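To keep things clear, I will list the structure first and then write my remarks on it.
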Amino acid sequence: MSTQTTGTIAVFGATGQQGGAVIDALLDHEAPVRALVRNPQSDRAQALAARGVELVAIRSDDAASLSAALMGVEAFYFMTPEANNLDEVETEIRIGTALVDAATAVRVPHVVFSSVFGADHESGVPHHDSKHTIEEHLRKSGLRASVLRSTPFMEVMAPKLEHGELVLRLPLPEDAVLKMISVRDVGKVAAALSLNTAQAPGGVVELVGDELTGPQIAAAFGAYAGLPARYEALPLSVLPSDLDRAMFRQFAKMADYPTDLAAVRAIEPATQDLAQWIRSTGWVPSTNVAGS
Ligand SMILES: NC(=O)c1ccc[n+]([C@@H]2O[C@H](COP(=O)([O-])OP(=O)(O)OC[C@H]3O[C@@H](n4cnc5c(N)ncnc54)[C@H](OP(=O)(O)O)[C@@H]3O)[C@@H](O)[C@H]2O)c1
């Protein structure tokens, strides 16, 4: 990897999957990284420290700790924690807003926010509308900002092995086209933008690496594993929460909203499609408890 001359890049959510991928990509570029963590003693935080990442303890409800942690950085990447109910949606908005305010207070030169596909407008999906609210807050802050709108992660799409056959079940009709991106590529694109080695036209990139129906997703895993594979469309009622039902209703209409793989590859040329992602992970099927 090329060596960059860069100031420190701050990362919120560093011990999670997206933040972890951002840090992997930043360290590949030998960039100095500061992780904003709530527990510097956790195993995950300590594993980052062992790789040369600076740890700074923060509390998302303590504005002073956030702005102190962002002092002097060249860029700041943040995501917001998963929300599974309306209280958590409020918390998500509070955290995202507080992070933007802290970046504004110390005039961070460039903020990169990992939002979600569809958050350019209110869609009625509470944990996507929360990200729309944060995007708007960021836009109004006047900070230089790049927004990544991630489609669903390839990491959550794997079928299960049942009686010698791969079976993928999702609450999506067979003909619905699902857009997707690997977490690795979220990290690579976020790092490229944070390091200014690439720009997002208009300050936004809709992150997509592939677009496939459920049967096509199952077939991609089957082709790699050399196993028969099938897709089973489930009813929305299998989902435990109203939030997820609203989200999958939105996913079923995803194909109506355009994305541009070439624009993503202009930032990260090696952005993976699903078949490439499956190969790169050396994916091994796991058995469904019910099918074992
Ligand atoms: N799954 C998908 O397909 C998909 C697609 C697009 C967008 N998204 C969005 O991605 C987000 C989740 O990202 P992820 O998967 O990277 O999350 P994750 O792996 O669950 O990690 C969450 C991170 O946030 C940190 N965190 C949580 N609450 C915190 C707080 N109060 N103060 C400080 N740090 C806190 C956690 O730190 P600790 O280690 O201390 O817990 C951890 O580092 C969600 O907003 C989701 O809507 C998901």
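The values are calculated or read from the model by the stated rules, or taken from the named source; none is laboratory data. For clarity, every value in this text was computed on a predicted model and none was experimentally measured. Glycine also receives a Cβ, built like all others from the backbone with ideal geometry; neighbour counts cover every protein chain displayed.
Please verify whether ALA64 is at pLDDT 95 or above and within 14 Å of the ligand (Cβ to nearest atom), treating the condition exactly as stated.
Details: at pLDDT 95 or above: yes; within 14 Å of the ligand (Cβ to nearest atom): no.
Here the answer is no, as ALA64 does not meet what is asked.
Give me the residue from segment 164-194 that is of a type outside the set (Asp, Glu) and part of a loop (DSSP other than H, G, I, E, B) and, out of that set, farthest from the ligand (Cβ to nearest atom). I'd like the intermediate steps shown before the answer.
Of the residues in segment 164-194, the ones of a type outside the set (Asp, Glu) are 164, 166-173, 176-184, 186-194.
Then drop every residue that is not part of a loop (DSSP other than H, G, I, E, B), which leaves 164, 171-173, 176, 182.
Working: GLY164: 28, PRO171: 14, LEU172: 13, PRO173: 19, ALA176: 16, SER182: 10 Å.
Residue satisfying both the conditions and the ranking: GLY164.
For ALA31, only one of the following conditions fails: (1) more than 9 Å from the ligand (Cβ to nearest atom); (2) under 17 Å from MET79 (Cα atoms); (3) touching a residue at least 60 places away in the same chain (Cβ under 8 Å). What is its number?
With respect to (1) more than 9 Å from the ligand (Cβ to nearest atom); (2) under 17 Å from MET79 (Cα atoms); (3) touching a residue at least 60 places away in the same chain (Cβ under 8 Å), ALA31 is out only on (2).
What do you reckon, is SER42 at pLDDT 95 or above, within 9 Å of the ligand (Cβ to nearest atom) and farther than 19 Å from GLU92 by Cβ?
Working: at pLDDT 95 or above: yes; within 9 Å of the ligand (Cβ to nearest atom): yes; farther than 19 Å from GLU92 by Cβ: yes.
Against the criterion (at pLDDT 95 or above, within 9 Å of the ligand (Cβ to nearest atom) and farther than 19 Å from GLU92 by Cβ), SER42 qualifies.
Determine if segment 11-24 includes at least one residue that is more than 17 Å from THR197 (Cα to Cα), free of Cβ contacts under 8 Å to residues at least 40 places away in the same chain and within 14 Å of the ligand (Cβ to nearest atom).
yes
Working carefully through the options VAL116, VAL205, VAL147, VAL177, find the one that is of a type in the set (Val, Ile, Thr), in contact with a strand residue (DSSP E or B) (Cβ under 9 Å, 6 or more places away or on another chain), crowded, with 21+ Cβ neighbours inside 10 Å and in contact (Cβ under 8 Å) with a residue 60 or more places away in the chain.
Values: VAL116 fails: in contact (Cβ under 8 Å) with a residue 60 or more places away in the chain; VAL147 fails: in contact (Cβ under 8 Å) with a residue 60 or more places away in the chain; VAL177 fails: crowded, with 21+ Cβ neighbours inside 10 Å.
Residue meeting the stated conditions: VAL205.
Sort out which residues of segment 45-61 are touching a residue at least 12 places away in the same chain (Cβ under 8 Å), away from the ligand (no atom under 14 Å from the Cβ) and among the small types (Gly, Ala, Ser), and write them in order of number.
GLY52
Would a scan of segment 243-260 turn up a residue that is within 22 Å of GLU162 (Cα to Cα) and either under 21 Å from the mean Cα position of the chain (by Cα) or surrounded by 12 or more Cβ atoms within 10 Å (Cβ to Cβ) (or both)? First the steps, then the outcome.
Keep residues of segment 243-260 that are within 22 Å of GLU162 (Cα to Cα), which gives none.
No, segment 243-260 has no match at all.
GLN41 fails exactly one of the following numbered conditions: (1) among the polar types (S, T, N, Q); (2) over 25 Å from GLU136 (Cα atoms); (3) touching a helix residue (DSSP H, G or I) at 6+ places or on another chain (Cβ under 7 Å). What is the number of that condition?
(3)
Can you list the strands (runs of 3 or more DSSP E) found entirely within segment 196-280 that contain at least 3 residues being modelled with pLDDT of 95 or more and under 23 Å from HIS29 (Cβ atoms)?
Values: elements: 204-207, 210-213, 229-233.
The qualifying strands (runs of 3 or more DSSP E) are 204-207.
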